[in-house]
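Have a look at the structure below before the remarks.
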Amino acid sequence: PAGKSSPTEKGEVTAAAVCASCRVPAHGHKTLELALAWDMPCVHFGSKEKLHLRRYTRFFGSGGDAAPALSHYALTHYEEWERKIEAWQNPILENSQLPSWYKSALFNELYFMTDGGTIWMEVPPDSCAEDLQGPAGAGLSHLLPVLREYGRFAYLEGQEYRMYNTYDVHFYASFALVMLWPKLQISLQYDIAVTVLNEDVQPRQYLMCGQTAQVKLKNVVPHDIGDPGDEPWQRVNAYLIHDTADWKDLNLKFVLQVYRDYYLTHDSLYLRDMWPVCQAVMESELKFDTDNDGLIENGGFADQTYDAWVVHGASAYCGGLWLAAVCMMCKMAEVLGDTEVRQKYMDILNRGKEAFEKTLWNGKYYNYDSSGTDTSRSIMSDQCAGQWFLGACGLDQEEFEVFPKSHVLSALRTIFEKNVMSFAGGTMGAVNGMRPDGVPDTSSVQSNEVWIGVVYALAATMIQEGLVEEGFRTAEGCYRTVWERLGMAFQTPEAYREKKVYRSLAYMRPLSIWSMQLALERRAGRAPAPAQLPQGPSHP
């Protein structure tokens, strides 16, 4: 019946059916089109403090009565959508030089962009800059126009790890956003920048150390922008295990993404807005260089994205990210004409490069850390993460060659030999940590896991450095394991072990596979043309 119906009682079930009929001529055919639409325009998070409206309400209203209009819009536009999808995908699908499994992985891992608890919200039209930037964010001149035009975007770290825009992981996944929806990446970065410049002085006790510290320090990148069970954006850092103000990777990952985004989008307004924020987080990071040798030191606990794998002193992972971020500070200062800051970071870079090589290079690869313990010589699959970002931005040669090319190639070949081919017969990707004797590092619960998103990033690094066959072989092991052997299609986990164990289904990090596509496009001599986000109602 037309009109409103009464809500179902608890335990009562209801169903609906739609039917249509047509006359089919002899030896002919007819097509019936059906559209199914959900109209759920309003969102309350767990705290129920604020009402949020989804992005599509700017085109279809927020009254909750748009399902007919949405269905009509779909029926009159789906053929156009299909043509555009085919135009986007066909150059890759029809490329005979790419293996079939890669084509499947590249497009199908994008499931998480919509299935990751994803929210895309409108910023209220009556919002003013002060509402969005907090007391300390006044320097972000382009914040309000960006968020008004493109809204706020957030996705969960994973369906089991319920924190929005977990930043140490988004670092890997962000390649999918910046290559396909670059304005959403820039919007997300503005949200992070706002939280960097503000603080939350509420005390909190952290589970791993039992110590109490304030929730968010000023001039430090947050771990996440909040819990869907609370009020994201308003209260950040839902992560309770460590005080991430002491993590060594978060600040660096912000700087690396800022330059990477600028390199791919040429958005100079964004770069100018982010430059003071980059300087602020790097100043915060400098305190971790305890011996003033130009290289930061880890703090003797799991103070980075591998949050159960302890690191002492200088380390390949955080030290490499640090040097890459310092290099990008030099490049950004050059672009912006800031000679004083450029000289400051060039001096740090020269000292840091020397310390990194002297402290961590062992002739074949970079040691896990400088502690001198039994596990300090472990071969970390992610030891070239800094080089990964530098190569993606064309900052890996001549004056910007941070890591000697011969050392990078030697490290990658060692990882391929040990972490990939000596683990599960080369069929499961790269184990995070491998001992020099070819036995997985079991010193932590994470060192003998395979992280699918890290493996895709490693494969991209191999491709960037010319080890194309090795890169595909490395990534193929993860695809075959997850999508074929384990039956985890469209719920790729964060991690698995060689036998019987997986962790955190449906996870953000594997979106890093898009960095493989960027590496392939760079090798083919095609600078990636960032997709432009539609501005009108053609794609609500």
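In the range 39-193, the alpha-carbon atoms span a convex hull of 155 Å³ per residue. The simple spin-label model puts a point 7 Å past each Cα toward its Cβ; for Tyr111 and Ser141 those points are separated by 4.5 nm. Length gained on full extension, Gln211 to Glu498, computed as 0.36 nm times the residue gap minus the Cα-Cα distance: 99.8 nm.
Overall form of the range 1-117: oblate. Here a/c, set by the Cα gyration tensor axes a ≥ b ≥ c, is 1.5 or more, and a/b is not larger than b/c. The residue among Leu336, Met434, Leu32 whose Cα reaches farthest toward the positive pole of the charge dipole of the chain, with charges on the beta-carbon of Lys, Arg, Asp and Glu, is Leu32.
So, with +1 on the Cβ of K and R and -1 on the Cβ of D and E, and no other charges, what is the size of the charge dipole of the chain about its Cα centre, to the nearest 20 debye? Numbers along the way, then the final one.
On the way: 48 positive and 67 negative charges, 232 e Å.
Computed charge dipole of the chain: roughly 1120 debye.
Mean separation of Cα pairs under 8 Å and 6+ residues apart, divided by the residue count of the range 1-124: what relative contact order is that in percent? Once divided by the residue count of the range 1-124, the mean separation gives 23 percent.
In terms of its C-alpha gyration tensor, the range 198-346 has an oblate overall shape, because the principal axis ratio a/c (a ≥ b ≥ c, square roots of the eigenvalues) is not below 1.5 and a/b does not outweigh b/c. The longest part of the chain holding none of the exposed loop GluC sites (Glu not before Pro), meaning those outside H, G, I, E and B in DSSP with at most 12 other Cβ atoms within 10 Å, is 95-540. In the full protein context, the range 303-454 carries 32 Å² of accessible surface per residue, based on a 1.4 Å probe and ignoring ligands, DNA and RNA.
The fraction of accessible area contributed by carbon and sulfur in the range 425-518 is 49 percent, rounded to a whole number (1.4 Å probe; ligands and nucleic acids excluded). Summed over the residues of the range 83-198 and divided among them, the accessible surface reaches 37 Å² per residue at a probe radius of 1.4 Å. Potential lengthening of the chain between Thr442 and Ala20 amounts to 145.8 nm, from the contour at 0.36 nm per residue minus the alpha-carbon distance. Based on Cα contacts under 8 Å between residues 6+ apart, the range 379-450 shows a relative contact order of 29 percent. Once you sort the root eigenvalues of the Cα gyration tensor of the range 442-517 as a ≥ b ≥ c, which label holds: rounded (a/c under 1.5), prolate (a/b larger than b/c) or oblate (the other case)? It comes out prolate by the Cα gyration axes.
For the range 326-428, taking Cα atoms only, Rg and Dmax work out to 15.9, 52 Å respectively. Normalised by the number of residues in the chain, the average gap of Cα pairs under 8 Å and 6 or more apart makes the relative contact order 14 percent. Note on Gln343 and Asp374: their simple-model spin labels are 5.1 nm apart, each label 7 Å out from Cα toward Cβ.
Think of the chain as a dipole: +1 on every Lys or Arg Cβ, -1 on every Asp or Glu Cβ, centred on the Cα centre; then among Trp361, Thr492, Phe175, Thr492 lies furthest on the positive end. In plain terms, the chain from Arg272 to Ala524 could stretch by 87.6 nm, reckoned as 0.36 nm per residue minus the Cα-Cα distance.
Here the range 273-413 exposes an accessible surface that is 48 percent carbon and sulfur, computed with a 1.4 Å probe and the other protein chains kept in place. If you take Cα Rg over 2.2 N^0.38 Å from the coordinates, which of (i) 2.53; (ii) 1.01; (iii) 1.15 do you get? Matching entry in (i) 2.53; (ii) 1.01; (iii) 1.15: (ii). In the chain, the calculated helix contribution to ellipticity at 222 nm averages -13000 deg cm²/dmol per residue, counting -39,500 (n - 2.57) for every DSSP H run with n ≥ 4.
Atom-type composition of the exposed protein surface of the range 1-103 places 55 percent of the accessible area on carbon and sulfur (1.4 angstrom probe). How far is the Cα center of the range 318-348 from the Cα center of the range 1-34, in Å? Taking the Cα centre of the range 1-34 as reference, the centre of the range 318-348 is 62 Å away. The range 482-524 and the range 192-216 have Cα centres separated by 31 Å.
The values are calculated or read from the model by the stated rules, or taken from the named source; none is laboratory data. Just so it is clear, the model here is predicted, and its values are computed rather than measured. All Cβ positions, glycine included, derive from the backbone under ideal geometry; neighbour counts span all protein chains shown. These area figures cover heavy atoms from the full protein model, side chains too; ligands, DNA and RNA do not enter into them. Shrake-Rupley method; radii C 1.70, N 1.55, O 1.52, S 1.80 Å.
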